[in-house]
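First the structure, in the form of structure tokens, and then the observations on it.
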Amino acid sequence: MLPTDLLIHRQNGEEIAPKFLPLAPSQLKMANQLIDLFRQAKGSSQGELDRQLQVLEGDGTNYRIQRGLAHLLRSETFSTFEIVSPLEPQRLRQRVFALSAQAAPLPQTASQTIQTLAAQLSQELDREVYPDQIQAGLYADLAENRILTQFDPPTPEALLHRYNLSQVQGIFYKASQIRIQAHRNDPGEYKLLFRYLKLFGLMAYIEGDADHGFTIAIDGPTSLFKPSTRYGLDIAKLIPALLHVTKWSLSADLHWRDPYSKQEKQRRFSLDSECQLVSHYPPGKAYDSFLEMSFADRWASFKSEWQLEREVDLIPIPGSVMIPDFRLVHPDGRSVLLEIVGYWRPEYLRKKFSQVRQAEGHNLILAISERLNLEKAGVNFNQTPAPIIWFKDKLSPKAVLEVLNQLA
């Protein structure tokens, strides 16, 4: 995604509109020039690549667009920058500085001194490493000296699509609340969207059903007790997943800094399924969060007849829906759902426990982090019908199996 200084937005009243690049010949030509420059820079340092980008940029007025496209090409998605050095640079510097401290002062320039020390170190290493390699590797860990070793070029069209999507994603860095109306769609599209919600750890409140559609309310980063850049990025990551839903609409409330008064003002942003944005996410299965992934990995090495399934079920409850993290299935046909509660906001906890109480007709196990302050959130877990497993940092498969045996 793009950093804040490369986002280009305009205001239309209280509405915020991002800058979109059309797939016009002039824009495609710019994208192609940048892609060719990166392709030719393979094997060169990042500093040399940056100098070439400045030359290409020249005195043009569209420098922010070029910098935005270059920023995307420089990302790990397309480019791999590596430290190329015969020895680990920090260790190499220690060896060279140690030699310098032992040597008598020489009437040489700094560059000549480095050449002399590199030659001495090369001799100590039995000339397995040449002096010029030592000089090149001495500060190879600096960002500007890292080497572009791999470049997987996108098509010019794909790069422009990614740029347009990134301009939209950047809007959500300043969101206080987001409302998504997912209209009646294929159930598989709902499932994928909900799994991405859980993957990114978003505090979402969902109401509706698969027959009529769902309303999803998401707390934005500026609504937290302490605004979180990381949480804002996680919300931005949801947008490519939303594009896989056939019919939807979105509105967001923003805390926007006015460029003239320098004050925070309330602004709005809206988007729908007719936006023509293109997702780079695969339409298939999303991965689990770190906590869920850790539990799944531990369960895989844990000997049990119960099979752990990562597929997400939708549990209908009055006026809402609950999305469990896992389903555990026994060979005899028994099925138990597992919900892991690790979020911290009081409103979210109250909503979650309310859902658990309403889902009492389902076999459900609740795993709760001991780090949550339930009393402060006003949650009385004693009224929860589901059996509870308490955990600290990791959820133990053994603890889950014990509860499964009790249910049996």
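Every number here is computed from the coordinates shown, using simple stated rules; none is lab data. In this text, all values refer to a predicted model and were calculated from it rather than measured experimentally. Here Cβ is always computed from backbone atoms with ideal geometry, including for glycine, and neighbour counts include all displayed protein chains.
Label-to-label distance for S111 and Y281 is 5.2 nm, based on points extended 7 Å past Cα in the beta-carbon direction.
Amide H to amide H distances under 5 Å link I368 with V341, I389, W390, F391, where only residues 5 or more positions off or on other chains count and H is placed in the peptide plane.
Binning the C-alpha pair distances of region 53-183 at 5 Å intervals from 0 yields a P(r) profile of 2, 8, 13, 13, 11, 10, 9, 9, 8, 7, 5, 3, 1, 1, 0, 0 %, listed from the shortest bin outward.
When each of the peptides 34-45, 234-245 is scored by the mean number of other C-beta atoms lying within 10 Å of its residues, the order from highest to lowest reads 234-245, 34-45. Taking 0.36 nm per residue of separation and subtracting the Cα-Cα distance, full extension of the segment from L125 to Q406 would add 94.6 nm.
Go through K42/K174; K303/K392; K29/K191 and tell me which ones have a Cα-Cα distance over 29 Å in this structure. Going by Cα-Cα distance, K42/K174; K29/K191 fall outside the 29 Å limit.
Length available on full extension from E76 to K392: 0.36 nm per residue minus the Cα-Cα distance, which gives 110.4 nm.
Stretching the chain fully between H330 and A24 yields a gain of 104.5 nm (0.36 nm per residue, less the alpha carbon separation). With kT/(6 pi eta Rh) evaluated at 37 °C and eta = 0.692 mPa s, and Rh the Kirkwood radius from Cα pairs, region 1-86 diffuses with a coefficient of 225 µm²/s according to Stokes-Einstein.
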